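What follows draws every value from the coordinates through simple rules; no lab data is involved. Being a predicted model, the structure only gives us computed values, none of them experimental. Here Cβ is always computed from backbone atoms with ideal geometry, including for glycine, and neighbour counts include all displayed protein chains.
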Amino acid sequence: MGPGTMADYRQIYQRSIDDPEGFWRDAATAIDWHVPPTRILDDSEAPIFRWFPDAELNTCHNALDRHVAAGRADQPALIHDSPVTGTTRTYSYRELRDQVAIFAGALRRLGVSRGDRVVIYMAMVPETVIAMLACARLGAVHSVVFGGFGSRELAARIDDACPKVIVATSCGIEAGRVVPYQPMLDAALAAATHRPDRCVILQRPEQPATLSRERDLTWAEAVSDAEPAECVPVRATDPLYILYTSGTTGRPKGVVRDNGGHAVALRWSMTNIFGVRPGEVFWAASDVGWVVGHSYIVYAPLLAGATTVLYEGKPVGTPDAGAFWRVVAEHGVVSLFTAPTALRAIRREDPEGKHLSGYDLSTLRLLFLAGERLDPQTCRWAGDLLGVPVVDNWWQTETGWPIVASPRGVEPLPTKPGSPSLPMPGYRVRVVDESGTDLPPGAEGAIVIGLPLPPGCLPTLWRDDERYVRSYLSAHQGNYLTGDGGRFDEDGYLYVLGRTDDVINVAGHRLSTGAMEEVLAGHPAVAECAVIGVHDPLKGQAPRAFVVLKAGADPAGLEADLVARVRDQIGPVAALRRVDVVAALPKTRSGKILRGTMRVIADTGDAPVPSTIEDPAVLDALRPLLR
Ligand code: COA
Ligand code: AMP
């Protein structure tokens, strides 16, 4: 189905399952190929699959140059709207292409070429998008690290990706506070074993960094006299980027995105799921450090010839709860994508939507929400307030685009509050029991996806096929384990009930309780600890920590110390605010901490006592703290 045509969801979905190669061959015609695909799927190394194995393209060409050549040179490509600096700047497709080509030339002069990695640790500024696209232009592989992460997380990513160059901003700007990045970068480089050749620092006037002369150069120095670089064709199966995401252990997983499958899937999704046409304005109010930012701030809108908004601000406090409505009205946004937490933050400050008045939101057609469970109350509130359909969609860093959604460019399907709706093309979604047997409608189980995953999803983890297979493909042969639990209803609508592992979702930010436990356990006074995610009315979930001290350790000031330790090492975004010192942690007889039982007590007030518990009195002592 071509862009813009309305068709029947069920026919489209069925074709993608019955004839995946035909389906994706057709979708691939929307992309400009240097060498068009003749083969669609390579299954010779199953369970690792590769899409478009004999094709070549350049993602930056498809995002910029082709639109300049096709008459969109003067159309806005990127609008940077930054209430925290009081500035707005628009880049046309031509301007963005030129700046990307120059920065690509600068990177090339620093020795970056096809296949090299570049770590990007930057705030929400246009140069971040420019740096990402410059890597894509050279066939280099970017790895963006979210600015809310601290030195330990940054160091782990540097050591895994081994970048030739790191590009950073001197600071980020949070509502009411400047966050210097240089101390975090210095601490991460001191902790990491890998050494990049150079660091390029974008000096921001709010807080310039003190540079290390041998290691660093400024962005301005890097681009001065740089020659623009042309697009380097790469194989469709070559990596475009690595995006690290939280797993069960403290070591993040390097999700790899290829060039070809990614371009095809995102281009398809922009038209058919998000209903956005070339020339229209799309706004994903997320951060480029997360997958939503990669896919729907940077790549998909530009692949589709749309205009994207890069917003450096918050839903509230920059300056008020009308900030989102101002951006929609000022830039003529047709489709807004954000996390439910952002709307809960707006509702808490402005439940009646008084801040809407004075803004003309007539361009807005759709509101997309993802990143965490959408509670029916928030869904209804937003729909009533804005008078547009609210479209829940479920996916994850690993898939790069929605697994389950209501495709608005195809056929507006009836939605059901609490469900993100139906599977998108190529996703064979199943709900299974422990033995891998499909469960009937209404029964809860693990959500898995039959292999192969569609284009755009991770082909593997960075330089770690073994971990990819072990973490995702081993639980149920022939299926990808999503890590979420859920159920179908009689109409095939999926209800996602939350993670079944140690991943938590705090304000739409995916975090690992295991990583927090590693940081706490590193404190000399801590004998053992448990971190769980508990329900939070604003952020969906919030972490809580319980620690047992070593004999003789002094508890004075320890809580503040531990909170600061997690903030420094993982980052402020971990938002660990409460640590309780306890005499013991409840365990099974085999020594496993009963985190699940603790979580259920915290969320519901009670939980059945597992028959495997070692000492029920330990759990009883904890109950008052959990409730
Ligand atoms: N750089 C540095 N620090 C950051 C940061 C960044 N990019 N992003 C967040 N932080 C800091 C915040 O300033 C805050 O610091 P504080 O503890 O000093 O207050 C801390 O990390 C926790 O941030 P957050 O959980 O975002 O809470 P908040 O109280 O600052 O804001 C919301 C609450 C609801 C406004 C905010 O969480 C939000 O906009 N959520 C939407 C989430 C989203 O877009 N997710 C992306 C997935 S789609
Ligand atoms: P991330 O990889 O950061 O995108 O986080 C992915 C996780 O967020 C998923 O595995 C889910 O647990 C959760 N999630 C994302 N979108 C939704 C949604 N629409 N409904 C419920 N949970 C969601």
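In whole Hz, with x marking every Gly and Pro, tabulate ³J(HN,Hα) for the stretch 454-463 from phi via Karplus 6.51 cos²θ - 1.76 cosθ + 1.60, θ = phi - 60°.
Whole-Hz 3J(HN,Hα) from phi for the stretch 454-463: x, x, x, 7, 4, x, 5, 9, 4, 6.
Under 5 Å between amide hydrogens, which residues at least 5 positions from residue 216 or on another chain qualify, with H placed 1.01 Å from N in the peptide plane?
Those qualifying (amide H under 5 Å, at least 5 residues apart or on another chain) are 199.
Which FRET efficiency value, to the nearest 0.05, is calculated for residue 221 and residue 365 with the Förster distance at 45 angstrom and r the Cβ-Cβ distance?
Given R0 = 45 Å and the Cβ-Cβ separation, E is 0.55.
Order the peptides 327-334, 134-141 from the highest to the lowest mean number of other Cβ atoms within 10 Å of their residues.
Values: 327-334: 20.2, 134-141: 26.9.
The packing order, highest mean first, is 134-141, 327-334.
How do 306-313, 48-55 rank on mean C-beta neighbours within 10 Å, highest first? Present the calculation step by step, with values, prior to reporting the outcome.
Working: 306-313: 24.4, 48-55: 21.9.
Listed from highest to lowest mean packing, they are 306-313, 48-55.
If packing is taken as the average number of other Cβ atoms within 10 Å across a peptide's residues, how do 86-98, 202-214 rank, most packed first?
Per-residue mean Cβ counts within 10 Å order the peptides as 86-98, 202-214.
Which listed residue (431, 560, 532) has the Cα farthest towards the positive end of the charge dipole for the stretch 422-579, taking +1 on Lys and Arg C-beta and -1 on Asp and Glu C-beta about the Cα centre?
Selected residue: 560.
Kirkwood Rh over alpha-carbon pairs of the stretch 169-318, then Stokes-Einstein at 25 °C and 0.890 mPa s: what D in µm² s⁻¹, rounded to an integer?
On the way: Rh = 18.4 Å.
Translational D for this selection: 133 µm²/s.
Which net charge results when you count Lys and Arg as +1 and Asp and Glu as -1 among the other residues whose beta-carbon is under 13 Å from that of residue 349?
Details: positive: 314, 344, 347, 348, 354; negative: 320, 350, 352.
Taking every Cβ under 13 Å from that of residue 349, the sum is +2.
Taking the simple approach of a point 7 Å from Cα along Cα-to-Cβ for both residue 11 and residue 439, what is their distance in nm?
3.5 nm
Return, for the Cα atoms of the stretch 280-354, the radius of gyration and Dmax in Å, separated by a comma.
12.4, 37
Where Lys and Arg each count +1 and Asp and Glu each count -1, what net charge lies around residue 333 among other residues with Cβ under 15 Å from its Cβ?
Residues near residue 333 contribute 0 overall.
Can you sort 227, 153, 56 so the residue with the fewest Cβ neighbours within 10 Å comes first?
By the 10 Å Cβ count, ascending: 227, 56, 153.
Counting only other residues whose beta carbon sits under 13 Å from that of residue 602, what net charge do I get with K and R as +1, D and E as -1?
Details: positive: 544, 578, 595, 599, 623, 627; negative: 536, 580, 603, 606.
The answer is +2.
Hey, can you grab everything whose amide H is under 5 Å from the amide H of residue 534? Only 5+ residues off in sequence or another chain; H modelled, so Pro and N-termini drop out.
When sequence neighbours closer than 5 places are left aside, the close amide H contacts are 542, 544.
Which parts of the stretch 611-627 would a label at residue 592 reach, counting a residue when its backbone N lies under 20 Å from a point 7 Å out along Cα-to-Cβ?
611-620
What are the lysines whose alpha-carbon lies under 16 Å from the alpha-carbon of residue 314, with same-chain residues fewer than 8 places away excluded?
Result set, ordered by chain and number: 539.
Aspartates and glutamates within cross-link reach of residue 592: Cα-Cα under 15 Å, excluding same-chain residues under 8 positions apart?
Of all the aspartates and glutamates, those that pass the test against residue 592 - Cα under 15 Å, at least 8 places apart if same chain - are 501, 502, 517, 528, 614, 615.
Rounded, prolate or oblate: which one fits the stretch 408-497, using the alpha carbon gyration tensor with axes a ≥ b ≥ c (rounded when a/c is under 1.5, else prolate when a/b beats b/c, else oblate)?
oblate
Just want the ordering: 495, 299, 468, from fewest to most Cβ atoms lying within 10 Å of their own Cβ. Each step should come with its number before you reach the end.
Values: 495 20, 299 31, 468 23.
Lowest to highest Cβ neighbour count: 495, 468, 299.
How would the stretch 445-530 be classified by its alpha-carbon gyration tensor: rounded, prolate or oblate, with rounded meaning a/c under 1.5 and the a/b versus b/c comparison settling the rest? Intermediate results must be reported in sequence, preceding the final value.
Values: a/c = 2.55, a/b = 1.54, b/c = 1.66.
Oblate, since a/c reaches 1.5 and b/c is not below a/b.
Indicate the gyration tensor shape class of the stretch 503-626 (rounded, prolate or oblate), computed on the Cα atoms with a ≥ b ≥ c the square roots of the eigenvalues: a/c under 1.5 is rounded; otherwise a/b larger than b/c is prolate and the rest oblate. Walk me through the numbers before you get to the answer.
On the way: a/c = 1.85, a/b = 1.14, b/c = 1.63.
Oblate is the answer for the stretch 503-626, as a/c is 1.5 or above yet b/c matches or exceeds a/b.
Return 297, 102 ranked ascending by Cβ neighbour count within 10 Å, so the fewest neighbours appear first. Numbers along the way, then the final one.
Values: 297 28, 102 20.
Ascending Cβ contact count within 10 Å gives the list 102, 297.
Using 0.36 nm per residue, how much length does the chain from residue 612 to residue 521 gain when fully extended, once their Cα-Cα distance is taken away? Walk me through the numbers on the way to the answer.
Working: separation 91, 0.36 × 91 = 32.76 nm, distance 2.51 nm.
Gain on extension, residue 612 to residue 521, equals 30.3 nm.
Rounded to whole Å and sorted largest first, what semi-axes of the equivalent ellipsoid does the C-alpha gyration tensor of the chain yield via the square root of 5 times each eigenvalue?
Working: eigenvalues 258, 181, 129 Å².
In descending order, the three semi-axes are 36, 30, 25 Å.
What FRET efficiency comes out for the pair residue 584/residue 535, r = Cβ-Cβ distance, R0 = 25 Å, nearest 0.05? Intermediate values should be presented prior to the final figure.
On the way: r = 25 Å, r/R0 = 0.98.
Result of the calculation: an efficiency of 0.55.
Which semi-axes, in whole Å and largest first, does the equivalent ellipsoid of the stretch 210-274 have when worked out from the alpha carbon gyration tensor as the square roots of 5 times its eigenvalues? Mind dumping the intermediate values first?
Numbers: eigenvalues 191, 104, 31 Å².
Taking √(5λ) for each Cα gyration eigenvalue gives 31, 23, 13 Å.
Measure off 7 Å from each Cα along the Cα-to-Cβ vector at residue 69 and residue 625, then give the distance between these two points in nanometres to one decimal.
6.4 nm
What's the extension gain from residue 375 to residue 87 if we count 0.36 nm per residue and subtract their Cα-Cα distance? Please list the in-between numbers first.
Values: separation 288, 0.36 × 288 = 103.68 nm, distance 3.41 nm.
The residue 375-residue 87 span can extend by a further 100.3 nm.
Spin-label point model (7 Å from Cα, Cβ direction): what's the residue 469 to residue 197 distance in nm?
If labels sit at residue 469 and residue 197, their model points lie 3.5 nm apart.
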